[in-house]
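Note sheet for the following structure.
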Amino acid sequence: MTRQAFMARLREGLRGLPPSAVADIVADYENHFTEGAAAGRSEEDLAAALGDPGRLARELRAERGLQRWEEERTPSAGAGAVFAVLGLGAIDILFLLPILMGVGGAMFGVGVAVIAVFFAGGVVFAAGPFTGVPGGPAAAILAGIGLMAGATAIGAVLGICTIGLVNALVWYGRLHYRLLKPALEPQAAGGVQ
C-alpha cells in the first residue's frame, strides 16, 4: 500500500472526529512516512509496519471517545465511549452486545419503575389526605414521602451503576487497546523497547 492510499484510508476512518484531531493524527502518520523514507524504507514497508489503516482509525476513534468520557462525564460522552468500545471489533460486538443489551434493558426497566414509583408517591402524598386512607392524613403524607424517597434512593443507585458500567466499558476498551498496541507498533531495532 502506498503512502497516499494509507493516508486516504486513515482519513476516511477518522471522518467525524474534530478537524483539529484529524489534522494532528494525519500529521503524525505523515511524519512516520517522512522519517521512514529518510531512513531508506519503502512506502509499502512503512504501511505494512503501521498496520491496517481502517483498524488503526477505529482504535484512534475509540481512544478519543474514551478520553472524552474521562474529561466530560456527560451522557453523550458516555454513549460515545460505549460505541467507541463496541467499534473496536466485530468479534467484541458478538460478545458484548447481547450482554450490554440485557444489562441496558434491565437498567432501563428499573429506571422506568423508579419514575413510576416516584410519581405514585407524589399522588399518595397529594391526594392521600383527602381519600380516607387507613391511618389518616399523616399516614398518607408519610407514605407518599417514603415512596418518593425510596424511588430517589434507587434512582441514585441506578445512576451510580450506570457510571460504573460505562467505566467498566472504558476499562475494557483500554485493556483491549493495550493488548493490540504491541502488535500495531513496529518493534524497536535490536529488540530494545
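We did not get these values from a lab; they are worked out from the coordinates using the rules stated. Only a predicted model underlies this, so the values are computations on that prediction, with no experimental measurement involved. Every residue, glycine as well, gets a Cβ built from its backbone with ideal geometry; the counts of neighbours run over all protein chains shown.
Data overview
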| read-out | value |
| --- | --- |
| Difference of contour (0.36 nm per residue) and Cα-Cα distance, ALA168 to ALA8 | 54.3 nm |
| Computed label-point distance, nm, for sites ALA149 and ALA23 using a 7 Å Cα→Cβ extension | 5.6 |
| Pairwise label distance in nanometres, LEU100 with LEU158, each label 7 Å out on the Cα-Cβ vector | 2.0 |
| Table column - 3J(HN,Hα) (Hz), the range 152-159, Karplus curve with 6.51, -1.76, 1.60, x for Gly and Pro | 5, 5, 5, x, 5, 4, 4, x |
| Gain upon complete extension [ALA39, PHE119; 0.36 nm per residue less C-alpha separation] | 21.8 nm |
| Gain in span if fully extended, ALA79 to LEU142, counting 0.36 nm per residue against the direct Cα distance | 18.9 nm |
